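Shown next, in structure tokens, is the structure this report addresses.
The values are calculated or read from the model by the stated rules, or taken from the named source; none is laboratory data. This structure is a prediction, so every number in the text was calculated from the model and none was measured. In this analysis, Cβ positions are derived from the backbone assuming ideal geometry, glycine residues included, and neighbour counts consider all displayed protein chains. Surface accessibility is based on the protein's heavy atoms, side chains included, excluding ligands, DNA and RNA. Shrake-Rupley method; radii C 1.70, N 1.55, O 1.52, S 1.80 Å.
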Amino acid sequence: GKGEHRHFMAKEIFEQPQVIGDTLNAMYNPAQGSITLPDLPFDLAAVPKVTIVACGTSYYAGLVAKYWIERLARVPVEIDVASEFRYRRPVLADGGLALFISQSGETADTLAALRHCKAEGQHTVAIVNSPESSMARESDAVLQTLAGPEIGVASTKAFTTQLTVLACFSIALARAKGAIDRKAEQALSGALAEVPGRAAEVLAHDERIRDIAQFVADARDVLYLGRGTSYAIALEGALKLKEISYIHAEGYAAGEMKHGPIALIDETVPVIVIAPDDEDELFEKTASNVQETVARGGKVVFFSDAHGVERMSETALYAIPMPTVNPFVAPILYAIPVQLLAYHTAVLKGTDVDQPRNLAKSVTVE
Ligand code: M6R
């Protein structure tokens, strides 16, 4: 049942500290500060290239992983939505690894892409939530998300547990490649081990985010902005809002604003900004994109840590302080407020949150 919650989606959002922890515990060794993947029938150290294929929210999890894998393991990553990948005759590397990400393990296009890669001799790994699924059966290896059943059509806990598995995979690949040392592995896996506790802190902002939803619910269009892994979270936030509240929303790389979308900005367009503090000055770049937006009348909702929120408190209409964490794990945590924002906006709009119109939980036809 839904327990104390009005909708499955709310229940599933609030389960995240628990299920992220469960998923991590299957791979994280706290005594060593290390990650162990299940046995794989191929040598990770020999993988020349990673190809990631998925749909919808699972695709955005893959997009975060592209940033992680390239940064940590220095292995090239190609990523595509399954409906494009399977028909475009992609060029695969000899001995390459193809990763398929799917909550259901049954999405028709992703499954077809898996079969194609297998026939082409790629090593195949499925990241699925359903261990009995077609993708789990047909791939060479399975990395399971331990999210438990997800009933809401809008994916929430499946996404953050996919990110958890992908973070562990990125660390394991980086170690196998000799791209990170023990100390770095301990720091990264230690940061992951903190995520369940930090996620619970983020959920404590629920009421604050419900207030912001009052403002978003009046909008006709909403923009989501971020850079780096936060760009993927911006895309995910926009998808979440459109699928359950039916408000038009778009995610953009913040640096793309001046290449077109800034023309949309006026007082009626909420701009949701995902801007964790980071090591690459992406925060500063995003902050200056926000200034440009505000100068054109844009009303900004700013998610950052205490330092970032302080910097933007004069500029943003709302600034919500997130926990200060290793930037590596930020996308897992910043997924949560955009889920809550979509959820509360949809509730205010009176839509069928768990069963939004025109959508199915599992898309088994192309
Ligand atoms: O079961 P899958 O992860 O393969 O499903 C992929 C998409 O259909 C799914 O993520 C969809 O985009 C969700 N409704 C998003 O909330």
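Counting only strands (runs of 3 or more DSSP E) that sit completely within segment 8-108, zero hold 2 or more residues that are buried (at least 23 other Cβ atoms within 10 Å of the Cβ) and of a type in the set (Asp, Glu).
Being away from the ligand (no atom under 16 Å from the Cβ), surrounded by 15 or more Cβ atoms within 10 Å (Cβ to Cβ), among the charged types (D, E, K, R) and over 27 Å from THR293 (Cβ atoms) is the requirement here; does ARG175 meet it? Yes, satisfied. Inspection of segment 353-363 identifies at least one residue that is at pLDDT below 95, of a type in the set (Gly, Ala, Ser) and either within 12 Å of the ligand (Cβ to nearest atom) or under 20 Å from the mean Cα position of the chain (by Cα) (or both). Within segment 214-234, the residues that satisfy the criterion of being surrounded by fewer than 23 Cβ atoms within 10 Å (Cβ to Cβ) and either under 17 Å from TYR318 (Cβ atoms) or in contact (Cβ under 8 Å) with a residue 60 or more places away in the chain (or both) are GLN214, PHE215, ALA217, ASP218, ALA219.
TYR318 passes every criterion in (1) open to solvent by 10 Å² or more (accessible area, probe 1.4 Å); (2) closer than 16 Å to TYR67 by Cα; (3) among the aromatic types (Phe, Trp, Tyr) apart from (2). Scanning segment 239-261 for residues that are within 15 Å of the ligand (Cβ to nearest atom), of a type outside the set (Asp, Glu) and without any contact (Cβ under 8 Å) to a residue 24 or more places away in the chain turns up at least one hit.
Taking the listed residues VAL153, VAL142, the one that is within 16 Å of the ligand (Cβ to nearest atom), at pLDDT below 95 and touching a helix residue (DSSP H, G or I) at 6+ places or on another chain (Cβ under 9 Å) is VAL153, with no other qualifying. So, in segment 236-292, exactly how many residues are among the hydroxyl-bearing types (Ser, Thr, Tyr) and buried (at least 16 other Cβ atoms within 10 Å of the Cβ)? Adding up the residues that qualify gives 3.
In segment 160-189, the residues that are over 20 Å from ASP39 (Cβ atoms) reach residues that are open to solvent by 30 Å² or more (accessible area, probe 1.4 Å) and of a type in the set (Lys, Arg) with C-beta atoms within less than 9 angstrom, at least six apart or across chains, in these pairs: ALA179/ARG74; ASP181/ARG175; ARG182/ARG175; ALA184/ARG175.
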